[in-house]
2 protein chains.
Amino acid sequence: MKGIRQLAEHLDISIGTVSRALNGKPDVNEETRRRVLAAAEELGYVANQSGRSLRQGETKVIGLMIESSTEAVENADNFFIGVTSGLQSVFARHKLDLVMLPCPSDEDPHEYLKRIVARRIVDAMIISNMQRIDRRIDLLSRAKIPFIAVGRSLSPGNFPWIDLDFEGVADRAVERLVARGHRRIAITAPSSEVNLGYVFLESYRRALERRGIAFDPSLVIRVKSSEHGGYQAAHELLVLKERPTAVILIYELMAIGLYRRLMESGVMPGRDLAVIGFRDAPRARFLQPSLSCFRMSLYDLGIALGRTLLANMPAYRQFYPDDGRNVVWPLELVPGESDAFDPGTGEKEFEPERLSFDDRTVEF
Amino acid sequence: MKGIRQLAEHLDISIGTVSRALNGKPDVNEETRRRVLAAAEELGYVANQSGRSLRQGETKVIGLMIESSTEAVENADNFFIGVTSGLQSVFARHKLDLVMLPCPSDEDPHEYLKRIVARRIVDAMIISNMQRIDRRIDLLSRAKIPFIAVGRSLSPGNFPWIDLDFEGVADRAVERLVARGHRRIAITAPSSEVNLGYVFLESYRRALERRGIAFDPSLVIRVKSSEHGGYQAAHELLVLKERPTAVILIYELMAIGLYRRLMESGVMPGRDLAVIGFRDAPRARFLQPSLSCFRMSLYDLGIALGRTLLANMPAYRQFYPDDGRNVVWPLELVPGESDAFDPGTGEKEFEPERLSFDDRTVEF
DNA sequence: CCAACATTCGTAAACGTTTACGGAGTGCGT
DNA sequence: ACGCACTCCGTAAACGTTTACGAATGTTGG
């Protein structure tokens, strides 16, 4: 099946009518429409996207830009796959397709996005891994490409975003640890170019000071968000003169390396050092000791991103009258065993909430 | 900047010449070409992809279909991001763009691919997560869309593929374990619909029988390839009447759950049960005990996939005269602590190769 | 000086759609 | 019988590009 022309000839109908029939336009006889749809189905005809895009000036494709550095939490690994299914459940209602656009690691993300935008491959973009100053915002605004960012940025101008509640996470993590008696609380942070690293750190600093604990720069560990980074972080904690009694991880899998390095020195996580992590609860839960962590539903986040993006697109705004506002996405604390002890005595003074590993109850 | 027409008017040159200049066609004055390129750069002109695709009948986009089920190893998590950068390093040379096409979890993968193909969004496809009988092969062949599969299938007809050497992995894993005295070796396997599950299992069975060990179906543990699956797998192993002394995991992160469940019953991995895993060495290395595993370079695999795909496309075949053949991708064994003991005595009889966790040496 | 050729460029068709416009046919009210 | 509204459909233009073709100009060789 070549194109709509062949389909029209086969039906002995004009090509215009066929197009209208397929696109659900009103001025076409229902009987004719039925025939057209049947023939299209039979011959396996689907409109060529290039022709359609050219004519309509839109591609019906939404791009999700992804970068694979280990700097930021989003890039860790399953973040994108996670939000993807939420996004698609929204887009499917409008026959929009989602494509993930991986920025080559040797290409400047800004240049890459510029290329994608200029070629008019997508109608809208979802970007993440926001830098403190992110030129992509200006680029997309100028090009009038609707977009939404996962995370804020200091770049001037208003733009749609949904950010994780790092402020809340840092505050509640510190709150929880301080309540259990911790005073020296370390934290891991990615490069300060990445905005979330900056935000997370500032939130942590404020959370401490709010409770009368002085901020100690030596407790900020700059490592990659990876297993290896966790290993290095543990190493740096162990050599500190005044060793902290707790640490907050920005990525849950760092705990693997952290745990290992601690144990190599006979330091038991969950007894000698409290650990609180971030993001993937299923994984955190199976670590030993299980990791107290802040979880969220990537699926729901995907839905929110999709709705907010569409609410910012003129053609779809009508469907999402209540969306479109920027939101600070809440995280839920899932308590584990990794911080369930008294830092003074080392005793398991606080009983962790009971975990169940039944086949049925463990699904999140 | 609207289109090539505006650019042409601005230069007071015909639109045809501008196009030729930009595309490096020969019959254009070098001075003119210089002017055109300069103006295009200045005004930020980039050819509209729809117009170009429509005219040329090709999109310069290669699709990588991804599914997010936890059934197969490829879908686990960072597999796609890993091969992506290898793929792009090949595609970049031909100005081809790579897009990842996530199949919605509630849509039939075959139908999804059919839609993508029919809309002519991509010039070629990379598919993975092959089923034992995979209708996508027939679909793509019929549509004459060049493609390459990660993994084989029983579907009839020749098609380009690169498969991981499961046969070799299973054989060497069994070899290694048997050499250390193990006789009862369990294995985890995904659904038998997924071809690699079937292949892996058959390879394992043959490896056993080659060494005079009877295949015991009760040692085949069918669980999801996830942390939770690992937990369940350990549970199933523990309740067996005749408990195995070793287990082969099809996905490295399963070890997290497996380790945990074992320890909950006082069984020490690496002392009471040998474990060999699969695929991501950096992660495996930081587990405690570190996981002996079969690793590969996803980057190199990506390069091979890219080259083989292009070698199967008429327009690019010339650049890859030596590629195009199907290959069974070798895996390298990275020894760890998880199987470094004597199953009879439980003693650490075999000294594991020394691991280094220096900052510099740990990068793979 | 002329034919033959090379270089450079403009013209226009083509790719597959969608859609504004108008025409044909029908039914209805006057 | 006429005008009008309504339904349905065909015609053709337009989207932005690439490219076959040929025209115009300059160059060369005899």
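Quick check on this structure: which one of B:Ile250, B:Ile256 is open to solvent by less than 40 Å² (accessible area, probe 1.4 Å), closer than 13 Å to B:Ala186 by Cβ and within 26 Å of the chain's Cα centre (by Cα)? If you could, list the steps in order and put the result at the bottom.
Working: B:Ile256 fails: closer than 13 Å to B:Ala186 by Cβ.
Checking each option against the conditions leaves just B:Ile250.
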Taking segment A:7-26, which residues are free of Cβ contacts under 8 Å to residues at least 12 places away in the same chain and within 8 Å of DNA strand D (Cβ to nearest atom)? A:Ala8, A:Asp12, A:Ser14, A:Ile15, A:Gly16, A:Arg20, A:Pro26
Answer yes or no: is there a residue in segment B:82-97 that is crowded, with 19+ Cβ neighbours inside 10 Å and part of a loop (DSSP other than H, G, I, E, B). yes
Going through segment B:165-198 one residue at a time, which ones are open to solvent by 10 Å² or more (accessible area, probe 1.4 Å) and under 23 Å from B:Leu87 (Cα atoms)? B:Asp165, B:Leu196
Quick one: in segment A:6-32, which of the residues that are in a loop (DSSP other than H, G, I, E, B) and hydrophobic (A, V, I, L, M, F, W, C) is farthest from DNA strand C (Cβ to nearest atom)? A:Ile13
Only unsatisfied item for B:Ser53, checking (1) of a type in the set (Gly, Ala, Ser); (2) crowded, with 18+ Cβ neighbours inside 10 Å; (3) within 11 Å of DNA strand D (Cβ to nearest atom); (4) without any contact (Cβ under 8 Å) to a residue 60 or more places away in the chain, is (4)
Matching residues, segment B:319-337, being over 15 Å from the mean Cα position of the chain (by Cα), of a type outside the set (Gly, Ala, Ser) and closer than 19 Å to B:Arg172 by Cα: B:Glu332, B:Leu333, B:Val334, B:Pro335, B:Glu337
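With a cut-off of at least 3 residues that are farther than 25 Å from A:Met268 by Cβ and aliphatic (A, V, I, L, M), name the strands (runs of 3 or more DSSP E) lying wholly within segment B:222-302.
On the way: elements: B:246-248, B:274-279, B:292-295.
The qualifying strands (runs of 3 or more DSSP E) are B:246-248.
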Residues of segment A:94-103 being over 15 Å from A:Ser128 (Cα atoms) and in contact with a helix residue (DSSP H, G or I) (Cβ under 8 Å, 6 or more places away or on another chain), in sequence order, are A:His94, A:Asp97, A:Leu98
Does A:Met65 qualify as being more than 10 Å from chain B (Cβ to nearest Cβ) and under 16 Å from B:Phe80 (Cβ atoms)? yes
Of the candidates A:Leu298, A:Leu240, the one satisfying the condition of being more than 14 Å from chain B (Cβ to nearest Cβ) and either farther than 17 Å from A:Val169 by Cβ or touching a residue at least 12 places away in the same chain (Cβ under 8 Å) (or both) is A:Leu240
Single unsatisfied condition, A:Asp106 versus (1) of a type in the set (D, E, K, R); (2) more than 16 Å from DNA strand D (Cβ to nearest atom); (3) within 13 Å of chain B (Cβ to nearest Cβ); (4) outside any loop (DSSP other than H, G, I, E, B): (4)
May I ask you to list the residues in segment B:290-312 that are farther than 19 Å from B:Phe80 by Cα and surrounded by fewer than 22 Cβ atoms within 10 Å (Cβ to Cβ)? B:Ala311, B:Asn312
Can you pull out every residue in segment B:132-146 that is assigned to a loop (DSSP other than H, G, I, E, B), open to solvent by 50 Å² or more (accessible area, probe 1.4 Å) and within 20 Å of B:Lys60 (Cα to Cα)? B:Lys144
Can you pull out the residues in segment B:40-58 that are more than 7 Å from chain A (Cβ to nearest Cβ) and under 15 Å from B:Arg120 (Cβ atoms)? B:Arg52, B:Arg55, B:Gln56, B:Gly57, B:Glu58
Subset tally (residues that are open to solvent by 20 Å² or more (accessible area, probe 1.4 Å) and not charged (D, E, K, R)) for segment B:105-117: 3
Pick out the one residue from A:Ser50, A:Ser19, A:Ser68, A:Ser128 that is among the hydroxyl-bearing types (Ser, Thr, Tyr) and modelled with pLDDT under 90. A:Ser68
Looking at the structure I just gave you, is A:Ala246 without any contact (Cβ under 8 Å) to a residue 40 or more places away in the chain and touching a helix residue (DSSP H, G or I) at 6+ places or on another chain (Cβ under 6 Å)? no
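Which of the residues spanning segment A:195-221 are among the basic types (Lys, Arg) and outside any helix (DSSP H, G or I)?
We begin by selecting, within segment A:195-221, every residue among the basic types (Lys, Arg); these are A:205-206, A:210-211.
Selection gives A:Arg211 alone.
Could you check segment A:272-286 and list, in sequence order, the residues that are more than 9 Å from chain B (Cβ to nearest Cβ) and open to solvent by 30 Å² or more (accessible area, probe 1.4 Å)? Please lay out each step first, then the result.
Narrowing segment A:272-286 to residues more than 9 Å from chain B (Cβ to nearest Cβ): A:272-281, A:284.
Selection gives A:Asp272 alone.
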Taking B:Glu31 and the conditions (1) within 12 Å of another protein chain (Cβ to nearest Cβ); (2) away from DNA strand D (no atom under 13 Å from the Cβ); (3) open to solvent by 20 Å² or more (accessible area, probe 1.4 Å), which numbered condition does it fall short on, given that it satisfies the others? (1)
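Just checking, which of B:Pro289, B:Pro269, B:Pro314 is farther than 30 Å from A:Arg261 by Cα and either within 14 Å of chain A (Cβ to nearest Cβ) or at pLDDT below 95 (or both)?
Values: B:Pro289 fails: farther than 30 Å from A:Arg261 by Cα; B:Pro269 fails: farther than 30 Å from A:Arg261 by Cα.
Answer to the selection: B:Pro314.
Test of understanding: among A:Ile116, A:Ile81, which residue is away from DNA strand D (no atom under 16 Å from the Cβ), within 39 Å of the chain's Cα centre (by Cα) and assigned by TED's automatic domain parsing to the domain that holds A:Ala315? Steps first, please.
On the way: A:Ile116 fails: away from DNA strand D (no atom under 16 Å from the Cβ).
That would be A:Ile81, the only listed residue that is away from DNA strand D (no atom under 16 Å from the Cβ), within 39 Å of the chain's Cα centre (by Cα) and assigned by TED's automatic domain parsing to the domain that holds A:Ala315.
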Of (1) surrounded by 21 or more Cβ atoms within 10 Å (Cβ to Cβ); (2) modelled with pLDDT of 95 or more; (3) over 14 Å from the mean Cα position of the chain (by Cα), A:Ala149 fails just (3)
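The values are calculated or read from the model by the stated rules, or taken from the named source; none is laboratory data. None of these values were measured; they are calculated from a predicted model. Methodologically, a virtual Cβ is constructed for each residue, glycine included, from the backbone with ideal geometry; neighbour enumeration extends over all protein chains shown. In case anyone asks, the SASA skips ligands and DNA or RNA and just uses the protein heavy atoms, side chains included. Shrake-Rupley method; radii C 1.70, N 1.55, O 1.52, S 1.80 Å.
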